[in-house]
Amino acid sequence: MFFTVGILLLHVVIFPDYIMPLPILFAGFGTIILFVTGLQYYSQSWEKKDNFIQRIFLHSFIYRLISIGVLYILTMLYDPANLPMEIAASDSWNYHYSGSIVADAIEDGRHIFGVLSGFWKNESDYGFSIIIGFFYFIFGKNILIIKIFNALLGSITVIRIYQITRISYDEKRARMAGIITMLMPALLWFTGFLLKETFMIFLIANIAYLTQLIIIQRKFRVLYSLLILLHFGILFYFRVILAPLLIFCVLIQILFYKTSNKNYKMSAVFISILFIAGSFFVMKKLGMDKHVEIAIEASKDQFGNELSNTSKQRGISYTAALVSPLLIAGAIITPFPSLLDFEAAQLGIYSHFQNEIVRNCLYFFVFLGLYNAYKTKNRRVIFVGGFAILYIIILAISGISFQDRFQILSLPFLIIFMADGIATKYPKRNQHWLSYLTFIFAAILMWNLFKLSNRGLL
């Protein structure tokens with residue numbers, strides 16, 4: 001709380017001409033207060049409560065509905081032209097329009113993929129459009145229905161993170177991870193958007209949970225494997241690169257997990273062969289192989305293209321040679337919050353500063369949790385750690401690690417390590433955290449100075 005007050009006051013004092021609207025400032029600060037006090041309250045009062053899963057699901061759903069309402073209010077006040085969407089919505093409208101096309105196609109008996117091919121450039125955007133289209137066909141073209149669906153999926157994801165952490169660690173850390181996921185501002189924020197990220201997080205968390213069931217249970221391993229392959233096929237229509245990354249993470253979790261069960265090695269080899277063969281079948285059946293090749297080819301120039309596009313869109317002059325080492329080195333702790341209002345385009349960026357501040361502060365415990373996992377050789381977190389780290393590396397190489405929407409997919413798994421880091425006590429922990437926060441304080445200030453200087457406002 002002292003960190004938040006300090007960083008906000010510093011920017012208000014140094015840059016009085018660029019203060020964001022006070023309702024947005026206070027709403028963001030209030031969200032941080034809610035997170036901090038909620039984390040303390042729930043972690044103490046629910047420490048030994050029964051029916052934890054039911055409790056956390058209900059509270060998660062309520063908080064997500066509240067976040068949808070808050071986003072509507074902020075949009076009504078500062079970006080009413082985008083209603084009933086969200087602040088600075090652009091992709092949300094595209095998903096709405098494409099979902100409407102799908103609903104009309106279902107009603108007319110036309111081929112869904114045929115109509116979507118005329119709207120989207122590639123098939124990796126079809127998935128969420130189809131889901132929206134089916135809901136629109138059943139309930140009518142009501143945007144709120146999709147947001148409530150996102151709130152429901154987000155609440156189930158909270159349960160999944162609790163279950164994954166309980167298998168990987170213990171009940172104490174599992175409850176902490178579930179509570180953090182329930183209250184995490186960034187996850188609440190994206191629930192209120194008509195975007196596919198909430199659904200993708202749900203699918204990825206399901207894959208992680210099913211993978212852990214494979215390594216700890218003797219029965220139903222083939223069934224779990226087939227369900228994971230089904231998830232791979234679905235994810236192809238959301239983001240192409242996720243399918244091969246997740247296949248790799250599943251395989252290393254299964255193959256490198258150690259257990260006293262003598263039959264596990266034979267089962268692991270069989271399940272791995274099933275995954276490899278099944279993955280090739282799914283990729284071939286969906287034409288995924290050619291799309292992966294195209295994605296890999298496009299990624300060669302993506303870093304430079306991304307910086308160039310960002311320069312044009314935001315009016316910032318990036319020098320790739322200077323910026324690329326910083327983006328790659330700081331990928332796991334970025335994005336930093338933008339706290340200044342100096343042009344209309346910044347509204348959609350500074351309006352969620354609370355998301356970045358909370359993450360920036362608590363990533364110290366992520367590092368601590370990752371270190372603990374390495375030190376104790378906890379092989380049950382190979383999947384969650386492997387996915388989070390490799391995904392962030394891919395983002396950094398692609399030049400998009402500083403965009404919160406892309407980073408959000410790794411956040412639930414990082415929360416697992418965060419919970420372990422918070423639960424781990426050692427003599428100099430507070431001292432080390434203060435040193436880390438001092439660095440983050442300076443980094444946030446330098447980021448905002450950088451944005452002003454690139455526009456000639458200093």
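Kindly indicate the residue of the stretch 380-411 that is open to solvent by 20 Å² or more (accessible area, probe 1.4 Å), more than 30 Å from residue 216 (Cα to Cα) and part of a helix (DSSP H, G or I) and also modelled with the lowest pLDDT among those meeting that condition.
To start, the set of residues in the stretch 380-411 that are open to solvent by 20 Å² or more (accessible area, probe 1.4 Å) comprises 380, 382, 389-390, 393-394, 397, 402-406.
Checking which are more than 30 Å from residue 216 (Cα to Cα) leaves us with 397, 402-406.
Now restrict to residues that are part of a helix (DSSP H, G or I): 397, 404-406.
Values: 397: 80, 404: 84, 405: 86, 406: 87.
My answer is 397.
If residue 423 meets every condition in (1) surrounded by 18 or more Cβ atoms within 10 Å (Cβ to Cβ); (2) more than 30 Å from residue 215 (Cβ to Cβ); (3) not aromatic (Phe, Trp, Tyr) apart from one, which number is that one?
Of everything listed in (1) surrounded by 18 or more Cβ atoms within 10 Å (Cβ to Cβ); (2) more than 30 Å from residue 215 (Cβ to Cβ); (3) not aromatic (Phe, Trp, Tyr), residue 423 misses just condition (2).
Taking interchain pairs and intrachain pairs at least six residues apart, which have beta carbon atoms under 6 angstrom, with the first residue in the stretch 1-16 and free of Cβ contacts under 8 Å to residues at least 60 places away in the same chain and the second open to solvent by 80 Å² or more (accessible area, probe 1.4 Å)?
So the pair list comes out empty.
Could you go through the stretch 432-442 and let me know if any residue there is polar (S, T, N, Q) and at pLDDT 95 or above.
First, pick out the residues of the stretch 432-442 that are polar (S, T, N, Q): 435, 438.
Retained after the next criterion (residues that are at pLDDT 95 or above): 435, 438.
Looking for residues that are polar (S, T, N, Q) and at pLDDT 95 or above, one finds at least one in the stretch 432-442, hence yes.
Which residue is nearest to the chain's Cα centre (by Cα), if the candidates are limited to the stretch 412-437 and must be charged (D, E, K, R) and in a helix (DSSP H, G or I)? Please lay out each step first, then the result.
Quick first cut of the stretch 412-437, residues charged (D, E, K, R) only: 420, 425, 428-429.
Remaining after also requiring in a helix (DSSP H, G or I): 420, 429.
Values: 420: 19, 429: 27 Å.
Of everything passing the filter in the stretch 412-437, 420 is nearest to the chain's Cα centre (by Cα).
I'd like the residue in the stretch 116-150 that is among the basic types (Lys, Arg) and open to solvent by 30 Å² or more (accessible area, probe 1.4 Å) and, out of all such residues, is farthest from residue 191 (Cα to Cα).
In this case the residue turns out to be 121.
Would you say residue 435 is over 25 Å from residue 175 (Cβ atoms), out of contact with any strand residue (DSSP E or B) (no Cβ under 8 Å at 6 or more places or on another chain) and not charged (D, E, K, R)? Break it down into steps so the answer makes sense when it comes.
Numbers: over 25 Å from residue 175 (Cβ atoms): yes; out of contact with any strand residue (DSSP E or B) (no Cβ under 8 Å at 6 or more places or on another chain): yes; not charged (D, E, K, R): yes.
Answer is yes for this residue.
So residue 90 ticks every box in (1) modelled with pLDDT of 90 or more; (2) closer than 30 Å to residue 446 by Cβ; (3) open to solvent by 30 Å² or more (accessible area, probe 1.4 Å); (4) of a type in the set (Ser, Thr, Tyr) but one. Which box is left unticked?
(1)
Mind listing just one residue for me: the one in the stretch 133-165 that is touching a helix residue (DSSP H, G or I) at 6+ places or on another chain (Cβ under 6 Å) and free of Cβ contacts under 8 Å to residues at least 40 places away in the same chain and, of those, farthest from residue 176 (Cα to Cα)?
Out of the qualifying residues, it is 137.
Does the stretch 172-179 include one or more residues that are under 22 Å from residue 253 (Cβ atoms), out of contact with any Lys or Arg (no Cβ under 9 Å at 6 or more places or on another chain), open to solvent by 10 Å² or more (accessible area, probe 1.4 Å) and in contact (Cβ under 8 Å) with a residue 40 or more places away in the chain?
no
Go through the stretch 329-353 and give me each residue that's open to solvent by 10 Å² or more (accessible area, probe 1.4 Å) and among the polar types (S, T, N, Q).
Once the filter is applied, which keeps residues that are open to solvent by 10 Å² or more (accessible area, probe 1.4 Å) and among the polar types (S, T, N, Q), the stretch 329-353 yields only 334.
For the stretch 46-67, what are the residues that are among the aliphatic types (A, V, I, L, M) and surrounded by 19 or more Cβ atoms within 10 Å (Cβ to Cβ)? Step through it out loud before you land on a result.
First, pick out the residues of the stretch 46-67 that are among the aliphatic types (A, V, I, L, M): 53, 56, 58, 62, 65-66.
Residue satisfying the conditions is 56 alone.
How many residues does the stretch 158-172 hold that are more than 19 Å from residue 201 (Cβ to Cβ) and among the aliphatic types (A, V, I, L, M)? Steps first, please.
Restricting attention to the stretch 158-172, the residues satisfying the condition of being more than 19 Å from residue 201 (Cβ to Cβ) are 169-172.
Imposing the further condition that a residue be among the aliphatic types (A, V, I, L, M) reduces the set to none.
So the count comes out to 0.
The values are calculated or read from the model by the stated rules, or taken from the named source; none is laboratory data. Everything numeric here is computed off the predicted structure, so don't read it as measured data. We place every Cβ from the backbone using ideal geometry, glycine too, and count neighbours over all the protein chains shown. Only protein heavy atoms, including side chains, enter the accessible area calculation; ligands, DNA and RNA are left aside. Shrake-Rupley method; radii C 1.70, N 1.55, O 1.52, S 1.80 Å.
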